[in-house]
Every structure is written in structure tokens, then in C-alpha cells.
Amino acid sequence: MEVLVPTLDAILTLDPERKGFYYEVVLRSLNDVTRRALEQELMQTGKYEYQSDFAKTYLAARRAEGLAEGEAKALLVVL
């Protein structure tokens, strides 16, 4: 784990094409236990930045859904 976080930090400095490639290589080389531990550490530090277009699109859609749900609940409370 001590090497993985700095490695991912270094990958983030690469150009977009190489960044995606190396990120995938690193993640695919990890076993499930190590991958989960890495994800937990990155989420706790707040350092992780999603790189794939899919993840960015998915998160944007989920945020929009959450905002819409929150607004709907607030409207019901007001009514």
C-alpha cells in the first residue's frame, strides 16, 4: 500500500491517454483484497480523482438524481 498511493499520484500527472492506460494496468494487477484496501484508503484521504469518462458521467448523473430527490422532498415539506 505504501507504494500504491504515490504511484497513483504520479500517474495523475501524466497526459490523459497515458494516465488512463497506466491507471488500468495498476488496478488490474491488484488482487481483490488489495484493491478494496486501496479504495478505502483513497476515499478516506479524499485524494482520489476519478479518471474514466464513465465514472465521471455516472457520478454526475447520481449527483443530479440526488439533487432532484432533495428538491422534491423539500417541495413536499413546503406543501
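Pairs linking a residue in the stretch 3-20 that is free of Cβ contacts under 8 Å to residues at least 40 places away in the same chain and aliphatic (A, V, I, L, M) to a residue that is surrounded by 11 or more Cβ atoms within 10 Å (Cβ to Cβ) and part of a helix (DSSP H, G or I), with Cβ atoms under 6 Å and 6 or more positions apart or on different chains, are LEU4/LEU38; ILE11/LYS19; ILE11/TYR22; ILE11/TYR23. All of VAL3, VAL77, VAL33 fail the test of being surrounded by fewer than 10 Cβ atoms within 10 Å (Cβ to Cβ) and at pLDDT 85 or above, apart from VAL33.
The values are calculated or read from the model by the stated rules, or taken from the named source; none is laboratory data. Treat the numbers as computed from the prediction; the structure is a model and nothing was measured. Every residue, glycine as well, gets a Cβ built from its backbone with ideal geometry; the counts of neighbours run over all protein chains shown.
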